[in-house]
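Peer 1: Handing you a structure now.
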Amino acid sequence: APTRDNGIYHNRVKVGRRDLPEVFGRVDGSIADYGFGPAADYAVADRYYPPELFTDGQGEMHWRRHVLYLKSARPEGANGFVMRDTFPGGEQRRKWWSWLNLDDADRIAVDGQGFAALERNKVFAENEMPMKRGSTVEMKTAFGASTWFGFSRPCEVRIRMTFDYGVQGSVPSGKETKTIVEIPAAAGEDFFYVVFPRGGEEPVPACVPFGADGMKITTAEGTDYVFLADRPTAVERDEVVFAGKAGAVRVSADR
């Protein structure tokens, strides 16, 4: 099973090398900025990496996770998140995005194509991981709920491992099955994606890039233009005007 200081079972990004320990032994990040409103909430966490963690001579860096929550007027409506992982000072390092799903690998699909079930408690070498390429990922569970991801570019979606995890009191069998999904990024790339919690047959959004720092997201309730970046960006396109580092222009049928 994965070790605690390696922390590959956390929903996070490894930078520089895949087995980089948790910075200072912690899994959290400092909130660097935030803003809450009636239609959207925003926060960005910032984690500092001292140069001593690396041997590549590139110096210090930060990992920032921008999170913007798009809120529906209805609890059962099209509520979802837009997230961006950026790496100021470490843009030229390789990265590995990871996410943990509560079930076997055969409940995970990329662009609608599912993985096969895998041997449990086996960590696959990087060049042996089951892999599918696409821009949408759905992670289903046995409970009828799933998490749908729409990435701004096609990615290599890989399975690092499926493992049994001991839990006490909450599950009759005393264990849960979990699968770690990993997506690599080359130097100069970051991760920009929509995260849509989905119940049953709830329709998924349509997502396409809207410039270098924007995503256009279409749901049954309207069209959202979301912008997330470390630097100020200005857009005037398709009747949308935006200037800033983070925010959203939300267009519905009546407003």
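The values are calculated or read from the model by the stated rules, or taken from the named source; none is laboratory data. Remember, it's a predicted structure, so these values are computed and weren't measured experimentally. Note that we place each Cβ from the backbone using ideal geometry, even for glycine, and neighbour counts take in every protein chain shown. When the accessible area is computed, the model is the full protein with side chains, heavy atoms only, and any ligands, DNA or RNA have been set aside. Shrake-Rupley method; radii C 1.70, N 1.55, O 1.52, S 1.80 Å.
Peer 1: Working out 0.36 nm times the residue gap between residue 145 and residue 212, then minus their Cα-Cα distance, what length gain in nm do you get to one decimal? Intermediate results must be reported in sequence, preceding the final value.
Peer 2: Details: separation 67, 0.36 × 67 = 24.12 nm, distance 3.15 nm.
Additional length available on full extension: 21.0 nm.
Peer 1: Less than 14 Å apart at the alpha-carbon level, and either on another chain or at least 8 residues along: which aspartates and glutamates does that give for residue 132?
Peer 2: Output for residue 132: 106, 111, 156, 182.
Peer 1: Sort 29-41, 222-234, 192-204 by packing, meaning the average of other beta carbons within 10 Å per residue, with the highest value first.
Peer 2: Numbers: 29-41: 12.5, 222-234: 18.8, 192-204: 16.1.
Most protected by this proxy first, the peptides run 222-234, 192-204, 29-41.
Peer 1: Calculate, for segment 61-111, the solvent-accessible area per residue in square angstrom, rolling a 1.4 angstrom probe over the heavy atoms of the protein chains.
Peer 2: Accessible area per residue, segment 61-111: 38 Å².
Peer 1: Please find, in a Gaussian network model of the chain (springs between Cα atoms separated by less than 10 Å), the residue of 83, 215, 61 whose mean-square fluctuation is greatest.
Peer 2: Most flexible of the set in this elastic network: 61.
Peer 1: So if we plug the beta-carbon distance of residue 79 and residue 236 into 1/(1 + (r/R0)^6) with R0 = 35 Å, what FRET efficiency do we get, rounded to 0.05? Can you show the working numbers first?
Peer 2: On the way: r = 28 Å, r/R0 = 0.81.
The calculated FRET efficiency here is 0.80.
Peer 1: Sticking with this structure for a sec: Subtracting the Cα-Cα distance from 0.36 nm times the residue separation, let me have the gained length for residue 164 to residue 126 in nm, one decimal. Don't skip to the end; give the middle numbers.
Peer 2: Working: separation 38, 0.36 × 38 = 13.68 nm, distance 2.05 nm.
Stretched fully, the residue 164-residue 126 segment lengthens by 11.6 nm.
Peer 1: Now a separate question. Rg (Å, one decimal) plus Dmax (Å, integer) for the alpha carbons of the chain?
Peer 2: 18.7, 56
Peer 1: Tell me, what is the FRET efficiency for residue 94 and residue 39 to the nearest 0.05, using R0 = 45 angstrom and their Cβ-Cβ distance as r? Mind showing how you got there, number by number?
Peer 2: Details: r = 37 Å, r/R0 = 0.81.
Efficiency, from the Cβ-Cβ distance: 0.80.
Peer 1: Considering Cα pairs under 8 angstrom that are at least six residues apart, work out the relative contact order of the chain and quote it in whole percent. Working shown, then result.
Peer 2: Numbers: 577 pairs, mean separation 40.8, N = 255.
RCO, the chain: 16 percent.
Peer 1: Right, another one. Cross-link partners among lysines for residue 122, C-alpha distance below 18 Å, same-chain residues fewer than 8 apart left out?
Peer 2: 175, 178
Peer 1: Okay, moving on. Between residue 52 and residue 252, with labels modelled 7 Å along Cα→Cβ, what's the label distance in nm to one decimal, could you check?
Peer 2: According to this spin-label approximation, the distance is 5.2 nm.
Peer 1: What residues of segment 72-99 lie in the reach of a label at residue 202, counting those whose backbone N is under 11 Å from a point 7 Å from the Cα along Cα→Cβ?
Peer 2: It comes to 72, 74-81, nothing else.
Peer 1: Work out, step by step, the length gained on full extension between residue 27 and residue 11: first 0.36 nm times the residue separation, then minus their alpha carbon distance; give nm to one decimal.
Peer 2: The span from residue 27 to residue 11 would gain 4.8 nm if fully extended.
Peer 1: Here's another thing I want to ask about it. Just how large is the dipole of segment 99-255 about the Cα centre, in debye to the nearest 20, putting +1 at every Lys and Arg Cβ and -1 at every Asp and Glu Cβ? Provide the component values of the computation, followed by the final result.
Peer 2: Values: 18 positive and 24 negative charges, 40 e Å.
So the magnitude is around 200 debye.
Peer 1: With springs only between Cα atoms under 10 Å apart, run a GNM on the chain and tell me which of 151, 163, 242 wobbles the most.
Peer 2: 242
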